[in-house]
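One structure is given below, encoded as structure tokens.
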Amino acid sequence: MNYSSATKPAKILNLESLNDLNERLYLTRSNDILYPNPKSADTKKNDPHAERFIFNLQTSDINVQPSIRLVNCVNRLGKRYNHYQCFVVEPKDQSTGIAVIMIKLDDPKAFYCNVRILPLTTLSEIASPELDSKLLTINLEKSKCILKTDITITPSNTGEAQYSVHDVDVSAISELVSQDEIIELKRELEFQASKLIAHYFQEILSIIVHETTPNNGTPPVIPDDYVLTLPPNQLKEMLSASAISACIALEITGYNVVKEINRDWRSAAAFINYLL
């Protein structure tokens, strides 16, 4: 068995919890003026409930504050990825280099955290703000380069969460860098990044599991606005876990292969260095 696909403890001992990290972060929420819902922008159909939101995690450094948006993800045919709660993270405003965190609960024993890294793409290149929906719609397949890391987190018999990595694909950037750099990037995403991401998402596993229940054996459907209905502390944990995970993936990708091609990844590195 490949070691990365083997089941391992998700919690890292002696690493700060989300609750500890969140004491150093201030969450703000505002209307998304860059990608507004056309329904809310139309004065004839003005619907305050149609507003789209953008969240920022502010730090003591004004230059370090990643933004998070809840989004709908679709493929090239416009078909939505059902049952996923998706977050797009920009390490800085209008960054070249973003990441999408896609989470799904198939049942209380299988929580999927899929990370899509778009190191050479801006949000505006994949966004479809004109589509009438409460959440911004993005088409990942519009990106010129997508790297991926898929992680599964499950409870164990002892009650401690376990994780495994079941898909890491970095081939999309192979034409820009050497084979050695590709091998190193895949290794770091498979082991270092995945372990850190699993640590932070196992902390919010209870939020998802306790708030959703399977219906007649079918996958529980998390409503589009599910995250917006969470209590403030749980909302902050959900968003900070997404931002931290995205920035870890962007920093590792930037350091190993993007380098000077585009330097916006350094904003992700600054956020991680601030916290960890």
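The values are calculated or read from the model by the stated rules, or taken from the named source; none is laboratory data. Predicted model only: the values in this text are computed from it and were never measured. Reconstructed Cβ throughout: ideal geometry from the backbone, glycine too, with neighbour counts over all protein chains shown. Remember, those area values only see protein heavy atoms, side chains included, never the ligands or the DNA or RNA. Shrake-Rupley method; radii C 1.70, N 1.55, O 1.52, S 1.80 Å.
The table that follows gives values for the structure above.
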quantity	calculated
Accessible-area ranking of Arg263, Arg76, Arg69, Arg24, largest first, probe 1.4 Å	Arg76, Arg263, Arg24, Arg69
In nm, spacing of pseudo-spin labels at Tyr81 and Gln179 (7 Å Cα→C-beta vector)	3.1
Simple label model, 7 Å out from Cα along Cβ direction - Lys109 to Leu276, nm	3.0
Sequence of Ser124, Ser30 when ordered by accessible area, the most exposed leading, probe 1.4 angstrom	Ser124, Ser30
Longest to shortest principal axis, alpha-carbon extents of segment 7-166, angstrom	57, 41, 31
Cα gyration tensor shape for the chain, rounded if a/c is under 1.5, else prolate or oblate	rounded
Mean accessible surface per residue for the chain, computed with a 1.4 Å probe while every protein chain stays in place, in Å²	47
Efficiency of FRET from Cβ geometry, Ser206 and Ile12, R₀ 25 Å, rounded to 0.05	0.90
Normalised convex hull volume, segment 89-209, alpha-carbon set, Å³ per residue	127
Cα gyration tensor, segment 100-163 - rounded (a/c under 1.5), prolate or oblate	oblate
The chain, helix-only ellipticity at 222 nm - DSSP H runs n ≥ 4, -39,500 (n - 2.57), divided by all residues, nearest 500	-7500 deg cm²/dmol
Förster radius 35 Å - calculated FRET efficiency between Leu228 and Lys142, Cβ distance, rounded to 0.05	0.85
